[in-house]
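What follows draws every value from the coordinates through simple rules; no lab data is involved. Just so it is clear, the model here is predicted, and its values are computed rather than measured. All Cβ positions, even for glycine, are placed from backbone atoms using ideal geometry, and neighbour counts span all protein chains on display.
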Amino acid sequence: MGFEKFGRKSFAAITKTARFVDLLAEGKIEGTVCKDCGVKFFPPRADCAKCFSKNMDWFVMPEKGKLETFTTAYYAPLGFEADPPYTMGVVDFGNGLKLFARVAKEIKLEEVKVGMDVAIRPVKYDNGQLSFEVTKA
Amino acid sequence: MKEVAVIGVGQTSFVRGYEGSIRELAFDAFREAMQDAGITQKDVDASVFCSAPEYDKQRSPAGVLAEYLGLIPQPTLYVETVCSSSSSGLKVAYGLIKSGLHDVIVVLGFQKMSEISSAESQERMGRGSDIQWEAPFGTMMPAYYALYAQAYMAKHGLTHDDLMNVRIKSSTYGVINDRAVYRKPIKPGDFKQGDPEAKMAGPVAWPLRVGDCCANADGSSCIILANAEKAKTLSKKPVWVLGIGAASEAVNMAARPDFTRGLSVGYTAAGQAYKMAGITAKDVKVAEVHDCFTIAEIMAYEGLGFAPPGEGKQLIREKATYKEGKIPVNVDGGLLSKGHPIGATGGSQIRTIVLQLRGETGPMQVAGEPDIGLVHNIGGVGLYGNVTIFGRD
C-alpha cells in the first residue's frame, strides 16, 4: 500500500517502489539504481532487466535539466475534470535520464518553451496527494 | 513471396452510436467479407478477434463473437495491441497459415466506443499508456501526440498550416467515402484562431487542435486470409501479403530517445516489412498510415521513408500524398475522417489497400493500377507498430 497517494489520482496502490511516495513526503525526488550493474532508472524500477538483479538502491534525481517538450491539455480524462488547462512535459537531465511531469501553474503558458532550463520539485496537493512538478530553473 | 493472400474484405460504416450490440456490429463486416470472398463458414478453419478492452462489458469476446458468426467449433482467439489490434491479428493469422496449422482464417476487428462517454474514453486511452507513472498526471492520447508535435515543430519548422493541410487532404476523401464518420468538407477558415465559428480551431492539447484529432467511432472490419492453394481455388483476385514488420517501444515518455524523430516503431516495422517484401519505399504505389492525429501522418511519412527525417512537411506542401501525387496516402480519408474504432482500424486500412490493388475503390481509386500497397498501423503512442505490405498477381 501507499502508492495510491501518488499523483493527482493514482491507478495503482501496491508496488515494490512505493517508497518513492514516502521520499516525496520527505521532499525528495529519487530514482532507483541497480547495485550490481549501476544502471539508473527513472521512473523507479524494482527489478533490473539488464542484469536481472533485484538489488536496488535509491538515488537523488538531478535538480536541473532542459524541457525537451511539453503540451497544455484543455480537456481532461475522467477524474481530472477540475484541472484543465494544465501543462505536462518531459525534462531531459542528460546521460539518458529523463522525467515526465506536470509543469507548475505559476509559469505562464507563453513562457514555456522547448529547450528552456527547468528544475523539479515535490508538490503536495490540497487533498494530500503527493507528486512532483517542473518549475523554473 | 506469394504464400498467404487476402481473399475477402469487409467493413461497416464507422458511426457515432451504432444501433446494435458488439456481436451484431461484428456480423456486419463479417457478412460483407464472406460475400466478397464467396465462401461459407465450412471453408474457414479458425478466427482471430481483435479489439481494445474496456469499451464494452464483454470479457473474452472471441468465443462469443465466433458463435454469433457461425464459426464454431473452429478454434478462435483474441489479439490486442490497442489501436493496432487488427493488423496484429493479421500477423498472427499469417503465422498460423504459414506454419500449415490452418488454411483459411477470419480476422475480425471491432470496437463499440459509444457505450462510454468521451471523458471515459480519454481515461481508457490514457490507461493504454503507463498507469503507474504517467496516467496519475492526467494524460490522454492527444496530449501524448502533442508532446511529439511540440518538439517536432520547434526543430523542423513544421507549422500549424501544415497540420491543417493534412486534415484538409483527409477531408477531401472523407467527403467521398460513404463508410467515413466525418463527411463534411473542411476549409482553412475552419481553423481560424479566435473565430467562434471555426469548429476545428479550439485547442485540445496544444499545439493540437480539434481539427488535428480523429474522432471516436463504432465499427468493425473483417479480413479473410488463405494459403496459396486455397487462394487460387477460392479467389479470382487474391491480394498477397508480401511483407510484415512489427515493433514495440518503451511506454513511458521519459524513456523515449528523441521526440523530434517521430515514433521509433514506425521506422523499425517499416524496415522489416520492406526487407521481407524485397522492396523499398519507392515501390509503394498507395499507402494507409495511422493518422490518429495530423502530426502522426507527418511522422509516418518519415518512418516509412516517403520523406527524409524532418522533411515530411514537404509532401503535404507539394500535395504529393494526394490521390494524384507521387505517393498517395490515406485517400480514403484516413482515421481523421473515417473515425477510429480502435480494434477495427487496422482492418479498415487493410481493406482499403486490398480494394485499391483490386481497382475497386471507385472515386478514391489511385490511377495506374497500383501493384503494391502499404498499411502502417500504430498502437498507443507508438507503443506498438505494424507495417504490412500487400501486392497483387
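One table, with the values for the structure above:
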item: Residue in region A:37-58 that is touching a strand residue (DSSP E or B) at 6+ places or on another chain (Cβ under 6 Å), within 13 Å of chain B (Cβ to nearest Cβ) and closer than 21 Å to A:GLU110 by Cα present; result: no
item: Tabulated pairs, region A:36-49, first part of a strand (DSSP E or B), second of a type outside the set (Gly, Ala, Ser), C-beta under 7 angstrom, 6+ apart or interchain; result: A:LYS40/A:VAL33; A:LYS40/A:PHE59; A:LYS40/A:LEU97; A:PHE41/A:THR32
item: Some residue of region B:108-118 being in a loop (DSSP other than H, G, I, E, B), without any contact (Cβ under 8 Å) to a residue 60 or more places away in the chain and either charged (D, E, K, R) or farther than 27 Å from B:GLU249 by Cβ (or both); result: yes
item: Single unsatisfied condition, B:ALA180 versus (1) assigned to a helix (DSSP H, G or I); (2) more than 10 Å from chain A (Cβ to nearest Cβ); result: (1)
item: Extreme residue, surrounded by the fewest Cβ atoms within 10 Å (Cβ to Cβ), among residues of region B:231-255 that are part of a helix (DSSP H, G or I) and touching a helix residue (DSSP H, G or I) at 6+ places or on another chain (Cβ under 8 Å); result: B:LEU234
item: Residue that is farthest from the other protein chains (Cβ to nearest Cβ), among those in region B:185-203 that are among the hydrophobic types (A, V, I, L, M, F, W, C) and in a loop (DSSP other than H, G, I, E, B); result: B:ILE186
item: Among (1) over 20 Å from B:MET113 (Cβ atoms); (2) in contact with a Pro (Cβ under 8 Å, 6 or more places away or on another chain), the one test that B:VAL4 misses; result: (2)
item: Sole residue being in contact (Cβ under 8 Å) with a residue 40 or more places away in the chain and either within 10 Å of the chain's Cα centre (by Cα) or in a loop (DSSP other than H, G, I, E, B) (or both), chosen from B:GLY373, B:GLY325, B:GLY382; result: B:GLY382
item: All positions within region A:73-86 that are touching a residue at least 40 places away in the same chain (Cβ under 8 Å) and surrounded by 21 or more Cβ atoms within 10 Å (Cβ to Cβ); result: A:PHE80
item: Selected residue (only one of B:PRO142, B:PRO207 is within 9 Å of chain A (Cβ to nearest Cβ), surrounded by 18 or more Cβ atoms within 10 Å (Cβ to Cβ) and within 18 Å of the chain's Cα centre (by Cα)); result: B:PRO142
item: Counted residues, region A:1-35 - those being among the charged types (D, E, K, R), in a loop (DSSP other than H, G, I, E, B) and closer than 21 Å to B:GLY138 by Cα; result: 2
item: Test result for A:GLU81, within 14 Å of another protein chain (Cβ to nearest Cβ), assigned to a strand (DSSP E or B) and of a type outside the set (S, T, N, Q); result: no
item: Per-region count, region B:246-299, residues more than 23 Å from B:GLU134 (Cβ to Cβ) and hydrophobic (A, V, I, L, M, F, W, C); result: 13
item: Sole residue being within 14 Å of chain A (Cβ to nearest Cβ), surrounded by fewer than 18 Cβ atoms within 10 Å (Cβ to Cβ), hydrophobic (A, V, I, L, M, F, W, C) and more than 30 Å from A:LYS124 (Cβ to Cβ), chosen from B:ALA154, B:ALA149, B:ALA119; result: B:ALA154
item: Subset of region A:4-30 [in contact (Cβ under 8 Å) with a residue 40 or more places away in the chain, within 11 Å of the chain's Cα centre (by Cα) and within 10 Å of chain B (Cβ to nearest Cβ)]; result: A:PHE6, A:GLY7
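Matching residues to (1) more than 7 Å from every other protein chain (Cβ to nearest Cβ); (2) out of contact with any Leu (no Cβ under 9 Å at 6 or more places or on another chain):
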position: A:PRO62; (1), (2): yes, no
position: A:LEU67; (1), (2): yes, yes
position: A:ALA76; (1), (2): no, yes
position: A:ASN95; (1), (2): yes, yes
position: A:GLU111; (1), (2): yes, yes
position: A:VAL114; (1), (2): no, no
